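The values are calculated or read from the model by the stated rules, or taken from the named source; none is laboratory data. What you see is a predicted model, and the numbers here were worked out from it, not measured in a lab. All Cβ positions, even for glycine, are placed from backbone atoms using ideal geometry, and neighbour counts span all protein chains on display. The protein model used for the area step is the full one, side chains on, heavy atoms only, and it has no ligands, DNA or RNA in it. Shrake-Rupley method; radii C 1.70, N 1.55, O 1.52, S 1.80 Å.
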Amino acid sequence: MADSSDNRRKNVRVLGPFDGIRPGLFDIPLQIYDLSLGGCFVNSVHEAPHKGQVFPIQIDLPTGEMFVAKGETAFVRPGFGYGVKFCQISVENQRRLEQALEWLQRSEAPQR
């Protein structure tokens with residue numbers, strides 16, 4: 001079991017929070033935590049997408065840019081939120097996220 005946990009956590013994560021949106025007929029505001037190149041945790045009181053469901057997600061990055069991708073619901077924690085695995089990301093959005101995470105890691109380093 002430790003091996004699967006290690007595999008899930010192979011990307012460096014930044015706590016957050018970050019603002020985001022799950023666009024649709026009505027945009028659903030999201031609060032993003034635990035952001036990494038591989039995914040994030042969405043803290044949400046709204047109904048979570050079903051496990052395995054793919055949906056668009058937008059995240060406001062602290063660099064002032066918007067990250068846009070498709071995410072797949074990895075797990076659901078009723079009453080708390082759900083884990084998202086990024087599954088469709090353009091090269092440009094991948095670059096935006098990498099740069100934002102690098103910037104955040106440098107910003108946080110002296111505080112630890």
Starting from the Cα-Cα distance between Gln99 and Val12, subtract it from 0.36 nm times their residue separation and give me the gain in nm to one decimal. 30.0 nm
In square angstrom, what is the accessible area per residue of the chain with a 1.4 angstrom probe? 64
Solvent-accessible area, 1.4 Å probe, carbon plus sulfur percent, for the chain: 53
Label point 7 Å beyond Cα of Lys51 along Cβ direction - residues of region 68-99 with amide nitrogen under 19 Å: 71-87
Local electrostatic count at Leu30 - Lys and Arg +1, Asp and Glu -1, tallied over other residues with Cβ under 9 Å: 0
